[in-house]
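Enquirer: Next up is a structure, given as structure tokens.
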Amino acid sequence: MSAFQAPTGTRDLYGADGARVEALVARFAHLAHLAAFGLVVSPMFEDAGVFRRGVGETSEVVTKEMYVFEDKGGRTLALRPEGTASVVRAFVQHRPTLPWKAWYVTPAFRYERPQAGRYRQHHQLGVEVLGSDDPDLDAEVVSLLAGFYAAVGLERVELRVNSMGDAGCMPAYGASLAAYLAARAGELCDEHAATWERNPLRVLDCKRAPCIAVREGAPRIADALCDPCAGHFARFTAGLDALDVAWRRDDFLVRGLDYYTRTTFEFASLALDAAQNGIGGGGRYDGLVEQLGGPATPGIGFGSGIERILLACEAEGLASLGETPLDVFVVDVTGGAAARDITHELRRAGISAERSFDGRSLKSQLKQADRSGARVACIVGPEELAAGSVTLRRLRRLRRGLDAAAGPDAGQERAERGALAATLDAWLR
RNA sequence: GUGGCCGUAGCUCAGUUGGUUAGAGCGCCAGGUUGUGGCCCUGGAGGUCGGGGGUUCAAGUCCCCUCGGUCACCCCA
């Protein structure tokens, strides 16, 4: 047991996990660029008020789980529990031209008991668009996330969508829901029997049988939407159809952060257990910019959890995600200068290359080459050094079809040092 | 924050009613083969038995506390 360990609920991602994260971020960045999103990098901590007002005073993410601390200047700061509030704060501060389309990758911090797929530091990929309430944009944003999951290789993903109305129709719906719940408050689960008055919408989201029974007879959001909100939702879902994004309406989809209006959506992995199967979600937040002191500006975005995506990939058996075999392993038993120079030369030519250090034996170096997964070993011994050449040897993934009886020298040949990169290009093609 | 289960080598785990220098497999390093990896053989490194306290002649083993992991609830990515 080492003296220091990663803090509770945190972990180190490295090796195969590190490669997977790299692949996820690269694919997301690529898709974001194709859709004209620009990267935004914001501080991981903010004035705690940014999250209190931005995420919502009543959300549990803020009331129970936020990492709040005082710095040496007496400022009350908080580690970001999610990405949207910071990006919106940056928008209000800098006022970029509209529409502003930003993507990000960020750690997020929540103080809670760790569990499968739930950590005190997790990582999210996301986008935000400020400055348009066009429902076609909603479809574009959701389509981006759906396309990302598809590009990663996930197939068992379900999209649920809903509309939470706006400041015009939501208060009336909240009142009618509250009136309905008041009449049946005794039938709710223990948790919500105590809290339904403060946030009646949360009852719709409850997974316990008593609340599920109660909500069956509850007023429906769909019936309560005003004409503009209903029209917005209809255009949004028509957009999803046009973009070939499969979706399912869920009247009870009520997300946990307070800022959502109109469009809300959630992607769940059907390969994961229900407890932590949410891999990404988001929605529209047309009042958030004002909440943070900016001019009335509509916005929409999503966040998707990298650790959850990794779990979903594992559950779907996508083992090869991020696997990028090394091209060449340089084996040098003449002192290391040749390895030093050849790896440099290959890398400059765009060929990935590794070598061993510390003057290991030929056997040891070849063993390392094998283990590295490299496709080709480039061997330099005294003979090659004297002749100005190298020996190229196919390693395991290039040896299919080579007869073992053909001898130890099968699948290898000499190449001139001067033509090395060109020869390897042909081998690796 | 509440509850269940679990902490022995880098990893997966054995370790008898408490009894001498705590073991195996895998992995790692070296050698067998001073020019050929994967298979095989031999050897080696690597452990304050999560930490602290207690009981005992004696604790990996029993008791208490604590830290950590894991799973579930809550909530969420």
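The values are calculated or read from the model by the stated rules, or taken from the named source; none is laboratory data. If you're wondering where the values come from, they're calculated on a predicted model, not measured in any experiment. Cβ: placed from backbone, ideal geometry, glycine included. Neighbour counts: every protein chain shown. Protein only, heavy atoms only, side chains kept; ligands, DNA and RNA dropped before computing areas. Shrake-Rupley method; radii C 1.70, N 1.55, O 1.52, S 1.80 Å.
Enquirer: I want to confirm something. Restricting to the range A:56-100 and keeping residues that are among the basic types (Lys, Arg) and within 26 Å of the chain's Cα centre (by Cα), which single residue is nearest to RNA strand B (Cβ to nearest atom)?
Expert: Going through the range A:56-100, the residues among the basic types (Lys, Arg) turn out to be A:64, A:72, A:75, A:80, A:89, A:95.
From what's left, within 26 Å of the chain's Cα centre (by Cα): A:64, A:80, A:89.
Values: A:64: 7, A:80: 12, A:89: 17 Å.
Filtering the range A:56-100 for residues that are among the basic types (Lys, Arg) and within 26 Å of the chain's Cα centre (by Cα), the one nearest to RNA strand B (Cβ to nearest atom) comes out as A:64.
Enquirer: Can you tell me which residue among A:338, A:312 is more than 10 Å from RNA strand B (Cβ to nearest atom) and either open to solvent by less than 50 Å² (accessible area, probe 1.4 Å) or not assigned by TED's automatic domain parsing to the domain that holds residue A:107 (or both)?
Expert: On the way: A:312 fails: more than 10 Å from RNA strand B (Cβ to nearest atom).
Of A:338, A:312, the one residue that is more than 10 Å from RNA strand B (Cβ to nearest atom) and either open to solvent by less than 50 Å² (accessible area, probe 1.4 Å) or not assigned by TED's automatic domain parsing to the domain that holds residue A:107 (or both) is A:338.
Enquirer: So residue A:30 clears everything in (1) away from RNA strand B (no atom under 16 Å from the Cβ); (2) part of a loop (DSSP other than H, G, I, E, B) except one condition, right? Which one?
Expert: (2)
Enquirer: Here's something else I'd like to know. Taking residue A:294 and the conditions (1) closer than 28 Å to residue A:152 by Cα; (2) in a loop (DSSP other than H, G, I, E, B), which numbered condition does it fall short on, given that it satisfies the others?
Expert: So the condition that residue A:294 fails would be (1).
Enquirer: Can I ask one more? For the range A:253-260, does any single residue satisfy the condition of being at pLDDT 95 or above, open to solvent by less than 50 Å² (accessible area, probe 1.4 Å) and more than 30 Å from residue A:96 (Cα to Cα)? Full working, then the answer.
Expert: Let us first name the residues in the range A:253-260 that are at pLDDT 95 or above, namely none.
Looking through the range A:253-260, none of the residues is at pLDDT 95 or above, open to solvent by less than 50 Å² (accessible area, probe 1.4 Å) and more than 30 Å from residue A:96 (Cα to Cα).
Enquirer: Right, something else. Can you tell me which of (1) near RNA strand B (Cβ under 8 Å from one of its atoms); (2) closer than 15 Å to residue A:285 by Cβ is the one residue A:124 doesn't meet?
Expert: (2)
The rows are residues; the columns are (1) among the aliphatic types (A, V, I, L, M); (2) more than 30 Å from residue A:135 (Cα to Cα); (3) within 16 Å of RNA strand B (Cβ to nearest atom).
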position	(1), (2), (3)
A:174	no, no, no
A:197	no, yes, yes
A:206	no, no, yes
A:209	yes, yes, yes
A:214	yes, yes, yes
A:221	yes, no, no
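Enquirer: Search the range A:1-24 for residues that are of a type in the set (Val, Ile, Thr) and pair each with any residue that is part of a helix (DSSP H, G or I) when their beta-carbon atoms are under 8 Å apart and the residues are at least 6 apart or on different chains.
Expert: A:21/A:306; A:21/A:310
Enquirer: Additional query: Please identify the pairs in which a residue from the range A:112-128 that is within 18 Å of residue A:24 (Cα to Cα) has its Cβ atom under 6 Å from the Cβ atom of a residue that is charged (D, E, K, R) and surrounded by 17 or more Cβ atoms within 10 Å (Cβ to Cβ), counting only partners at least 6 apart or on another chain.
Expert: A:117/A:308; A:122/A:307
Enquirer: Restricting attention to the range A:102-127, which residues are out of contact with any Leu (no Cβ under 6 Å at 6 or more places or on another chain) and part of a loop (DSSP other than H, G, I, E, B)?
Expert: Once the filter is applied, which keeps residues that are out of contact with any Leu (no Cβ under 6 Å at 6 or more places or on another chain) and part of a loop (DSSP other than H, G, I, E, B), the range A:102-127 yields A:110, A:111, A:112, A:113, A:114, A:116, A:119, A:120.
Enquirer: If residue A:11 satisfies every condition in (1) under 26 Å from residue A:85 (Cα atoms); (2) open to solvent by 40 Å² or more (accessible area, probe 1.4 Å); (3) charged (D, E, K, R); (4) away from RNA strand B (no atom under 13 Å from the Cβ) but one, which is the exception?
Expert: (4)
Enquirer: Could you list, in sequence order, all residues of the range A:261-288 that are within 12 Å of residue A:164 (Cβ to Cβ) and open to solvent by 10 Å² or more (accessible area, probe 1.4 Å)?
Expert: Result: A:261, A:262, A:286, A:287.
Enquirer: Test residue A:353 against the criterion of being more than 8 Å from RNA strand B (Cβ to nearest atom) and open to solvent by less than 20 Å² (accessible area, probe 1.4 Å), and give yes or no. It would help to see each step written out before you state the result.
Expert: Values: more than 8 Å from RNA strand B (Cβ to nearest atom): yes; open to solvent by less than 20 Å² (accessible area, probe 1.4 Å): yes.
Judged against the criteria, residue A:353 is a match.
Enquirer: Condition first: open to solvent by less than 70 Å² (accessible area, probe 1.4 Å) and outside any loop (DSSP other than H, G, I, E, B). Now tell me which residues in the range A:181-201 satisfy that.
Expert: A:181, A:182, A:185, A:192, A:193, A:195, A:201 - these are the residues of the range A:181-201 that are open to solvent by less than 70 Å² (accessible area, probe 1.4 Å) and outside any loop (DSSP other than H, G, I, E, B).
Enquirer: Regarding residue A:154, is this residue assigned by TED's automatic domain parsing to the domain that holds residue A:247 and away from RNA strand B (no atom under 12 Å from the Cβ)? Break it down into steps so the answer makes sense when it comes.
Expert: Working: assigned by TED's automatic domain parsing to the domain that holds residue A:247: yes; away from RNA strand B (no atom under 12 Å from the Cβ): yes.
Against the criterion (assigned by TED's automatic domain parsing to the domain that holds residue A:247 and away from RNA strand B (no atom under 12 Å from the Cβ)), residue A:154 qualifies.
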